[in-house]
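As structure tokens, the structure follows; a few thoughts come after it.
The values are calculated or read from the model by the stated rules, or taken from the named source; none is laboratory data. Computed from a predicted model, the values in this text were never measured in an experiment. Neighbour counts run over all protein chains shown; Cβ positions are idealised from the backbone, glycine included.
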Amino acid sequence: MNVLLVSANRERSPYPVFPIGLAYLVPPLESAGHSISVLDLCFADDPKDALAQALNTFSPDAAVISIRNIDNVTFPASRSYLAGVREIVDTLRGKMPVIVGGSGFSLMPLEVLAHLEADYGIVGEGEEVLPPLLEALAAGTAPAGIPGLLKKGESVWLPPVPVQAIGAPDRTLFDLSRYHREGGMANVQTKRGCPFACTYCIYPLLEGNIPRLRPIGEIINELRLLVDRFNVSYIYFVDDIFNYPPDFALELCREMARERLPLKWSAFVNPGFVDAPLLQAMLEAGCDAVEFGTDAGSPRMLKNLGKSFTVATIREASRLCRETGVDFAHYILFGGPGEGEGTILETFALMDEVDPTAVIAMTGIRIFPGTTIYQQALADGILSPETPLLEPVFYLAPGIRDTICDIVARESGQRKNWVVPGMEINISDTMLEAVRHFQIKGPLWKLMKRVGRSHSKPLKG
Ligand code: B12
Ligand code: SF4
């Protein structure tokens, strides 16, 4: 079959992100004998024109649309992307079978499929289930018994089965160099799955809660290919947590260092599993910046969000970063269950004390079905079982919902190393766009230091 792979993601904030999920689908589809063409809409001036052109030049028999994001999970500056995806599906519907999938889809598959009116949706990983679906479509038989497959108008599906041997993506049909140039990095996945259970988090729902590790030799080969063939110099590891399991991270870093790969990189790191030997190995492997999924600096909020670490751990992980001189950012989520002005101020105080290069804060927590915070939101009357969630609904602790934005704006506005994207504090899309012209590699929050924002004494705190 001629299969058109469409990356529907047009979000360029905080930077354009290479569609690695779609690139993972290329090898299994090619092995099954399909002819592939890729339409990446990220940089298209007019998606409908780009689609019309792709249909003229390729004549696909089936369309596979990857939906990475359905919205930007940002309060109050929420953006939904579904209308754009719907336009693509509308253009294709009736001309060929339209199959949708991706993390944005898998979070609320029934709702997204009904909204888009696509023919098929696949929940979870696509590698092992797309080929049999396409085979059935090519043979003109009704696809059946495929895990994760959802058909238009039907409401039941078999649970997805996690891929055991995670392969490597094939990036040759994509414009990787543009992402590297304009986004400042390429991306690589070393494992899938997170065993923790933070109350709001959907990563374990998407990737499962048992880490599935890739063979280190294969990761090294992929990194080497990125350097040699694609001239990549900066990587973001897209793992839910880079440093868990810690032994695997240590071994990978040591191997990267041994290979002397000319690469810098950054990743999401859990403060609970950072020690001096691992941090040292990370630095020797080219680590350039660390992003901690910290969420709060208040003991009560760490507990209420189900975090696996304590304030002492955050202090220690930050101390290690400061000592080694690596740039580090803490990501904070305000507004969870039990949040009040006191806990917010505790978080600001801890961040003042541990003095990261940057703090990136969100106010309000996007509620997804299947999470503990969804149940809490029901109990708190924030939503009912009938509340539609395709248009984002945010958890904001009832006691503070009317004042939280003012408090966070007031406090973060007084601190030079705080970024609050939802309220445009120390950041805006225009600013990001302008900075990106300088083709800086790595996360832009690192610039907070270069422009003298971080390590300045807070005005208040
Ligand atoms: C790493 C990451 C980031 C990094 C990306 C760094 C980089 N250079 O790549 C950073 C921090 C920059 C980031 C930013 C954002 N992210 Co993000 N990110 C992730 C994360 C953790 C992993 C994504 C990834 O690369 N996965 C690896 C690939 C291989 O998996 P995949 O894309 O899911 O593809 C597989 C399957 O989905 C499936 N598949 C994919 N397409 C298709 C299509 C079909 C037809 C089929 C059958 C299957 C299929 O098969 C693939 C292979 O198995 C996910 C959460 C998660 N665990 O998935 C969130 C996630 C995707 N991000 C999300 C969001 C919202 C964002 C932002 C909008 C946040 C913001 N306001 O800034 C931005 C958008 C950036 C952009 N330009 O698009 C949301 C999307 C949910 C939603 N509500 O829409 C997620 C799910 C997390 C969340 N918070 O809920 N992100
Ligand atoms: S927030 Fe991080 S540690 Fe917690 S469940 Fe999500 S991915 Fe795992």
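Side notes on the structure shown:
- Test for Ile332: is it under 30 Å from Met448 (Cβ atoms), touching a strand residue (DSSP E or B) at 6+ places or on another chain (Cβ under 6 Å) and in a helix (DSSP H, G or I): no
- Taken together, the residues in segment 258-278 that are of a type in the set (A, V, I, L, M, F, W, C), more than 16 Å from ligand 2 (Cβ to nearest atom) and in contact with a Gly (Cβ under 8 Å, 6 or more places away or on another chain) amount to 3.
- Remark: pairs (first residue in segment 415-440, assigned to a loop (DSSP other than H, G, I, E, B); second residue within 16 Å of ligand 2 (Cβ to nearest atom); Cβ separation under 9 Å; 6+ apart in sequence or on different chains) = Asn417/Ala329; Ile427/Ile360.
- If only residues of segment 173-189 that are away from ligand 2 (no atom under 14 Å from the Cβ) and assigned to a loop (DSSP other than H, G, I, E, B) are counted, the one that is nearest to Ile241 (Cα to Cα) is Met185.
The rows are residues; the columns are (1) of a type outside the set (Lys, Arg); (2) assigned by TED's automatic domain parsing to the domain that holds Ala50; (3) within 27 Å of the chain's Cα centre (by Cα).
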site: Arg93; (1), (2), (3): no, yes, no
site: Met96; (1), (2), (3): yes, yes, no
site: Gly102; (1), (2), (3): yes, yes, yes
site: Phe105; (1), (2), (3): yes, yes, yes
site: Met108; (1), (2), (3): yes, yes, yes
site: Glu125; (1), (2), (3): yes, yes, yes
site: Ala142; (1), (2), (3): yes, yes, no
site: Pro147; (1), (2), (3): yes, yes, yes
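- When the residues of segment 226-247 are filtered to those that are assigned to a helix (DSSP H, G or I) and among the charged types (D, E, K, R), the one that is nearest to the chain's Cα centre (by Cα) is Asp247.
Residues checked against (1) at pLDDT below 95; (2) of a type in the set (D, E, K, R); (3) within 12 Å of ligand 1 (Cβ to nearest atom):
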site	(1), (2), (3)
Pro147	no, no, yes
Pro159	no, no, no
Met185	no, no, yes
Cys201	no, no, yes
Arg214	no, yes, yes
Leu223	no, no, no
Tyr234	no, no, yes
Pro245	no, no, no
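- Single condition Ala63 does not satisfy, out of (1) out of contact with any Leu (no Cβ under 6 Å at 6 or more places or on another chain); (2) buried (at least 17 other Cβ atoms within 10 Å of the Cβ); (3) of a type in the set (Gly, Ala, Ser): (1)
- When Phe242, Phe230, Phe248 are checked against the criterion of being touching a residue at least 40 places away in the same chain (Cβ under 8 Å) and either β-branched (Val, Ile, Thr) or buried (at least 22 other Cβ atoms within 10 Å of the Cβ) (or both), a single residue qualifies: Phe242.
- Sole exception among (1) of a type in the set (A, V, I, L, M); (2) more than 13 Å from the chain's Cα centre (by Cα); (3) surrounded by 17 or more Cβ atoms within 10 Å (Cβ to Cβ) for Val188, by number: (2)
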